[in-house]
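A short reminder: the numbers here are calculations on the coordinates, not readings from a lab. Remember, predicted model here, so these are calculated numbers, not experimental data. Methodologically, a virtual Cβ is constructed for each residue, glycine included, from the backbone with ideal geometry; neighbour enumeration extends over all protein chains shown.
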Amino acid sequence: MEEKIKIKYHVKELEKLCYIDGKSDWIDLRVAEEVKMKAGEFRLISMGISVELPKGYEMWVLPRSSAFKNFGILQTNAMGVIDESFCGDDDIIHMPILAMRDTEIHVNDRIGQFRIMPHQPEVHFVEVEHLNNMNRGGFGTTGKA
Ligand SMILES: O=c1ccn([C@H]2C[C@H](O)[C@@H](COP(=O)(O)OP(=O)(O)OP(=O)(O)O)O2)c(=O)[nH]1
């Protein structure tokens, strides 16, 4: 099935996003500004795009696996969720980035990747005293090895 994403580019030097079939269906995101950061510095880095997602979808933004190795950066929200309602001309996608070392990132460097996902179904909470199930346990209760 094919879906359309309307996209507005805010920086003319920015290379157009590209869906590469076969290798991975995640789509790389490029930085839209020249960035110099000191170790320990935080900033929102612009991806230079606004999008209108297909109806019923949201976008998940994660770092590329190589982003830390190449640039020494971490995405502070671990995963960004771009809501369907984030679709105005000035709703520009950013990545919240923490530099772990002094670093430079240049326009068109690829630091992130995204995919679109269908929304979860509408949920309602039903308050109860007991769930009446066995406790599973977590955080390593099944052992270390
Ligand atoms: O990594 C991200 C995460 C979010 N957004 C944009 C799109 C999203 O729709 C909007 C709001 O995100 P979210 O709801 O996660 O942030 P919040 O901190 O709860 O802000 P708000 O009060 O605006 O909802 O910010 C980004 O550009 N990058």
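Key figures
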{"quantity": "Fully extended contour minus Cα-Cα distance, from I20 to V107, at 0.36 nm per residue", "calculated": "29.3 nm"}
{"quantity": "Between the range 57-105 and the range 24-53, the alpha-carbon center distance in angstrom", "calculated": "5"}
{"quantity": "Helix-only CD estimate at 222 nm, as mean residue ellipticity for the chain, using -39500 (n - 2.57) per DSSP H run (n ≥ 4)", "calculated": "-500 deg cm²/dmol"}
{"quantity": "Added length on full extension, which subtracts the Cα-Cα distance from 0.36 nm per residue, N77 to E13", "calculated": "20.3 nm"}
{"quantity": "Proportion of all alpha-carbon pairs of the range 7-118 beyond 20 Å (%)", "calculated": "37"}
{"quantity": "The range 33-63: trypsin sites (Lys or Arg not before Pro) in DSSP coil with no more than 15 other Cβ atoms inside 10 Å", "calculated": "K38, K55"}
{"quantity": "Loop sites in the range 62-140: chymotrypsin sites (Phe, Trp or Tyr not before Pro), DSSP, at most 13 other Cβ within 10 Å", "calculated": "F125, F139"}
{"quantity": "31 Å Cα-Cα threshold exceeded, pairs from K23/K69; K4/K36; K69/K144; K36/K144; K16/K69; K8/K36", "calculated": "K4/K36; K36/K144"}
